[in-house]
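Peer 1: Could you have a look at this structure, given as structure tokens, before my questions?
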Ligand code: UD1
Ligand code: MG
């Protein structure tokens with residue numbers, strides 16, 4: 001590994017006052033991950049000796065967010081500035097030759113850019129190498145004051161700029177490479193001489209330069225890589241860029257995306273070749289979509305595993321479920337966790353399912369609730385069928401065999417088993433098991449009363465138009481008024 005002499009330090013102790021949030025800044029989400037997790041993931045391929053996160057605000061939550069990625073956390077309490085944060089990590093950095101410092105709030109930087117920064121630092125024998133960027137609006141950032149074309153004299157924070165310095169559009173990204181033997185003596189000389197009485201890491205640059213040490217600044221290839229998230233607007237912009245990158249990744253892998261800017265994808269999503277994503281689709285979590293699938297407009301899939309050739313009609317919601325090849329689902333269907341639709345099944349509009357398996361080629365085409373149910377192959381579940389899986393205390397299973405026909409508007413009161421090839425008459429309330437190939441009728445017998453309706457209508461007409469003899473009794477004025485009506 002090339003960077004075994006380096007330790008990476010991620011600054012993540014700050015509160016992020018400008019976000020006006022109860023959540024620590026680095027735990028805010030952009031592109032489907034917390035800011036700090038994104039930064040860690042960019043650093044992992046560098047193969048450094050270790051990655052250290054400086055935590056302070058909501059330290060436990062921040063440490064817990066990065067621990068699964070093998071990151072060690074060091075507590076900075078109180079938070080006396082970015083320079084102080086690095087000093088707090090001194091013991092964790094130990095005898096490493098190089099320390100790479102990154103802010104936990106700038107997650108768009110690419111691994112390649114960091115590799116190049118480290119290479120420049122090594123080849124230039126520098127004490128410090130800063131990743132800078134040239135931007136059109138530098139406000140809010142520290143500015144790079146150059147000593148010569150290649151070297152840096154100092155970094156001036158936005159709040160301390162002179163009117164002339166305000167024109168400088170080369171900014172400090174807060175990503176640096178330091179040689180530890182030069183950094184520690186320099187940091188020891190930095191004083192908290194600023195409005196916030198903090199020890200600024202940026203002030204170590206002027207100390208190093210004044211000692212005649214080499215301080216380099218390398219301009220990032222794309223200024224968008226160094227965007228820091230200080231405000232909600234910054235978070236929205238970084239989120240937008242992450243989503244755009246993910247869509248480009250999928251399009252490069254052979255996926256068609258219509259109106260791409262409306263499609264929201266999370267980082268772990270995969271989609272196979274020649275699949276189509278219509279506008280306003282969301283693919284979240286670990287959703288995995290096969291080849292030649294169509295995901296139509298307004299559908300939201302979270303941890304959904306789809307085979308090849310699946311069609312998801314508009315406005316379908318699928319969570320923690322699996323759909324095998326050639327399934328057709330929706331529009332307006334909802335799969336809650338634990339559903340498995342096997343090959344070629346069809347689930348239609350206004351169907352809700354949870355914890356159920358539907359066998360090959362079976363159909364649940366309209367308006368059903370199917371819960372805790374196993375359906376065999378080539379069965380048909382009629383419109384409006386409801387499995388009553390809950391008795392108010394416990395959930396019970398329903399088992400439906402192969403080639404079963406469940407008539408429309410049936411209720412299947414669980415626990416209940418319907419044997420292979422059975423028929424359930426429409427409108428049945430099924431409370432007992434149905435043997436294979438039987439017909440179950442669970443409704444009261446129909447009664448037909450001949451002529452009843454005609455007789456009823458005659459009676460109603462008579463009531464609405466009382467006989468003339470009855471009218472004569474009333475006063476002429478009143479009866480005239482009634483006739484008008
Ligand atoms: C910092 C830089 C500025 C640069 C900008 C880039 C300083 C003094 N200024 O300003 O030159 O242009 O980043 O985005 O370094 N943090 C700690 N402990 C602390 C203070 C901060 O861990 O005591 C962490 C924060 O959680 C954050 C990072 O350091 O992740 C940067 O702090 P922030 O307050 O965002 O600094 P900026 O004002 O953006
Ligand atoms: Mg910042």
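Peer 1: Got at least one residue in the range 231-238 being buried (at least 19 other Cβ atoms within 10 Å of the Cβ), touching a residue at least 60 places away in the same chain (Cβ under 8 Å) and within 30 Å of residue 79 (Cβ to Cβ)?
Peer 2: yes
Peer 1: Name every residue in the range 260-273 that is surrounded by 15 or more Cβ atoms within 10 Å (Cβ to Cβ) and in a loop (DSSP other than H, G, I, E, B), in order of residue number.
Peer 2: Of everything in the range 260-273, those that are surrounded by 15 or more Cβ atoms within 10 Å (Cβ to Cβ) and in a loop (DSSP other than H, G, I, E, B) turn out to be 263, 266, 267, 268, 269, 272.
Peer 1: Continuing with the same structure: Go through the range 96-124 and report how many residues are in contact with a helix residue (DSSP H, G or I) (Cβ under 8 Å, 6 or more places away or on another chain) and assigned to a loop (DSSP other than H, G, I, E, B). Give the derivation first.
Peer 2: Initially, the range 96-124 is screened for residues in contact with a helix residue (DSSP H, G or I) (Cβ under 8 Å, 6 or more places away or on another chain), giving 96-111, 113-115, 118.
In the following step, the residues that additionally are assigned to a loop (DSSP other than H, G, I, E, B) were identified as 96-97, 104-110.
So the count comes out to 9.
Peer 1: Follow-up. Check the range 113-121 and report whether any residue there is modelled with pLDDT of 95 or more and within 13 Å of ligand 1 (Cβ to nearest atom). Even if it seems obvious, please write down each step before you answer.
Peer 2: The first filter runs over the range 113-121 and keeps only residues modelled with pLDDT of 95 or more, leaving 113-121.
Filter once more, keeping what is within 13 Å of ligand 1 (Cβ to nearest atom): none.
Taking every residue of the range 113-121 in turn, none turns out to be modelled with pLDDT of 95 or more and within 13 Å of ligand 1 (Cβ to nearest atom).
Peer 1: I'd like the full set of residues that are within 15 Å of ligand 2 (Cβ to nearest atom) and more than 15 Å from the chain's Cα centre (by Cα), limited to the range 227-265. First the steps, then the outcome.
Peer 2: Kept after step one, since they are within 15 Å of ligand 2 (Cβ to nearest atom), are these residues of the range 227-265: 227-235, 237-238.
Scanning the range 227-265 gives 227, 228, 229, 230, 231, 232, 233, 234, 237.
Peer 1: Is the range 143-153 home to any residue that is within 15 Å of ligand 1 (Cβ to nearest atom), part of a loop (DSSP other than H, G, I, E, B), modelled with pLDDT under 95 and more than 23 Å from residue 14 (Cα to Cα)?
Peer 2: No, the range 143-153 contains no residue that is within 15 Å of ligand 1 (Cβ to nearest atom), part of a loop (DSSP other than H, G, I, E, B), modelled with pLDDT under 95 and more than 23 Å from residue 14 (Cα to Cα).
Peer 1: Checking the conditions here, which among 224, 245 is within 26 Å of residue 21 (Cβ to Cβ) and away from ligand 1 (no atom under 16 Å from the Cβ)? Give the steps one after another, and end with the answer.
Peer 2: Working: 224 fails: away from ligand 1 (no atom under 16 Å from the Cβ).
Exactly one residue qualifies, and that residue is 245.
Peer 1: State whether the residues of the range 26-34 include one that is within 16 Å of ligand 2 (Cβ to nearest atom), part of a helix (DSSP H, G or I) and under 28 Å from residue 191 (Cα atoms).
Peer 2: Just the residues of the range 26-34 that are within 16 Å of ligand 2 (Cβ to nearest atom), to begin with: 26-28, 30, 34.
When the remaining residues are screened for being part of a helix (DSSP H, G or I), the result is 26-27.
Now narrow it down to the ones that are under 28 Å from residue 191 (Cα atoms): 26.
Yes, some residue in the range 26-34 is within 16 Å of ligand 2 (Cβ to nearest atom), part of a helix (DSSP H, G or I) and under 28 Å from residue 191 (Cα atoms).
Peer 1: Let me ask another. Tell me which of these residue 339 doesn't satisfy, since it passes every other one: (1) touching a strand residue (DSSP E or B) at 6+ places or on another chain (Cβ under 9 Å); (2) surrounded by fewer than 20 Cβ atoms within 10 Å (Cβ to Cβ); (3) on the phi < 0 side of the Ramachandran plot.
Peer 2: Failed condition: (2).
Peer 1: Got a number for residues in the range 123-157 being under 21 Å from residue 210 (Cα atoms) and either in contact (Cβ under 8 Å) with a residue 12 or more places away in the chain or surrounded by 15 or more Cβ atoms within 10 Å (Cβ to Cβ) (or both)?
Peer 2: First, the residues of the range 123-157 that are under 21 Å from residue 210 (Cα atoms): 124-132, 142-157.
With the extra rule that they be either in contact (Cβ under 8 Å) with a residue 12 or more places away in the chain or surrounded by 15 or more Cβ atoms within 10 Å (Cβ to Cβ) (or both), the set shrinks to 124-132, 142-147, 150-157.
Residues flagged as under 21 Å from residue 210 (Cα atoms) and either in contact (Cβ under 8 Å) with a residue 12 or more places away in the chain or surrounded by 15 or more Cβ atoms within 10 Å (Cβ to Cβ) (or both) within the range 123-157 amount to 23.
Peer 1: While we're on this one: Of the residues 291, 188, which single one is more than 14 Å from ligand 1 (Cβ to nearest atom) and either crowded, with 22+ Cβ neighbours inside 10 Å or over 32 Å from the mean Cα position of the chain (by Cα) (or both)?
Peer 2: Details: 291 fails: either crowded, with 22+ Cβ neighbours inside 10 Å or over 32 Å from the mean Cα position of the chain (by Cα) (or both).
Answer to the check: 188.
Peer 1: Same structure again: Against the condition surrounded by 20 or more Cβ atoms within 10 Å (Cβ to Cβ), without any contact (Cβ under 8 Å) to a residue 60 or more places away in the chain and either within 11 Å of ligand 1 (Cβ to nearest atom) or within 18 Å of residue 191 (Cα to Cα) (or both), how does residue 86 come out, does it pass?
Peer 2: Working: surrounded by 20 or more Cβ atoms within 10 Å (Cβ to Cβ): yes; without any contact (Cβ under 8 Å) to a residue 60 or more places away in the chain: no; either within 11 Å of ligand 1 (Cβ to nearest atom) or within 18 Å of residue 191 (Cα to Cα) (or both): yes.
It is false that residue 86 is surrounded by 20 or more Cβ atoms within 10 Å (Cβ to Cβ), without any contact (Cβ under 8 Å) to a residue 60 or more places away in the chain and either within 11 Å of ligand 1 (Cβ to nearest atom) or within 18 Å of residue 191 (Cα to Cα) (or both).
Peer 1: Quick test for you: out of 250, 283, pick the one residue that is buried (at least 20 other Cβ atoms within 10 Å of the Cβ) and assigned to a strand (DSSP E or B).
Peer 2: Working: 250 fails: assigned to a strand (DSSP E or B).
Of the residues listed, the single one that is buried (at least 20 other Cβ atoms within 10 Å of the Cβ) and assigned to a strand (DSSP E or B) is 283.
Peer 1: OK, next. From the residues in the range 71-95 that are in contact with a strand residue (DSSP E or B) (Cβ under 8 Å, 6 or more places away or on another chain) and in a loop (DSSP other than H, G, I, E, B), which one is nearest to ligand 2 (Cβ to nearest atom)?
Peer 2: It comes out as 79.
Peer 1: Determine whether the range 16-32 contains at least one residue that is near ligand 1 (Cβ under 9 Å from one of its atoms), surrounded by fewer than 23 Cβ atoms within 10 Å (Cβ to Cβ) and under 18 Å from residue 200 (Cα atoms). Can you show your working first?
Peer 2: First, the residues of the range 16-32 that are near ligand 1 (Cβ under 9 Å from one of its atoms): 16-18, 24-26.
The next check asks that each one be surrounded by fewer than 23 Cβ atoms within 10 Å (Cβ to Cβ); those that pass are 16-18.
Then keep just the ones that are under 18 Å from residue 200 (Cα atoms); that gives 16-17.
Looking through the range 16-32, at least one residue is near ligand 1 (Cβ under 9 Å from one of its atoms), surrounded by fewer than 23 Cβ atoms within 10 Å (Cβ to Cβ) and under 18 Å from residue 200 (Cα atoms).
Peer 1: In the set 66, 101, which member is within 15 Å of ligand 2 (Cβ to nearest atom), under 23 Å from residue 242 (Cα atoms) and touching a strand residue (DSSP E or B) at 6+ places or on another chain (Cβ under 6 Å)? Before you say what the answer is, go through the steps one by one.
Peer 2: On the way: 66 fails: within 15 Å of ligand 2 (Cβ to nearest atom).
The unique qualifying residue is 101.
Peer 1: I've got another one for you. Do we have any residue at all in the range 58-76 that's within 27 Å of residue 155 (Cβ to Cβ), within 12 Å of ligand 1 (Cβ to nearest atom) and out of contact with any helix residue (DSSP H, G or I) (no Cβ under 7 Å at 6 or more places or on another chain)?
Peer 2: Within the range 58-76, not a single residue is within 27 Å of residue 155 (Cβ to Cβ), within 12 Å of ligand 1 (Cβ to nearest atom) and out of contact with any helix residue (DSSP H, G or I) (no Cβ under 7 Å at 6 or more places or on another chain).
Peer 1: Sticking with this structure for a sec: Can you tell me how many residues within the range 297-326 are crowded, with 24+ Cβ neighbours inside 10 Å, in a strand (DSSP E or B) and within 17 Å of the chain's Cα centre (by Cα)?
Peer 2: Within the range 297-326, residues that are crowded, with 24+ Cβ neighbours inside 10 Å, in a strand (DSSP E or B) and within 17 Å of the chain's Cα centre (by Cα) number 2.
Peer 1: Just checking, how many residues over the range 133-156 are away from ligand 2 (no atom under 15 Å from the Cβ) and touching a strand residue (DSSP E or B) at 6+ places or on another chain (Cβ under 9 Å)?
Peer 2: 11
The values are calculated or read from the model by the stated rules, or taken from the named source; none is laboratory data. Since we're looking at a predicted model, the values are computed, not measured. Here the Cβ is made from the backbone with ideal geometry for all residues, glycine too, and neighbour counts use every protein chain on show.
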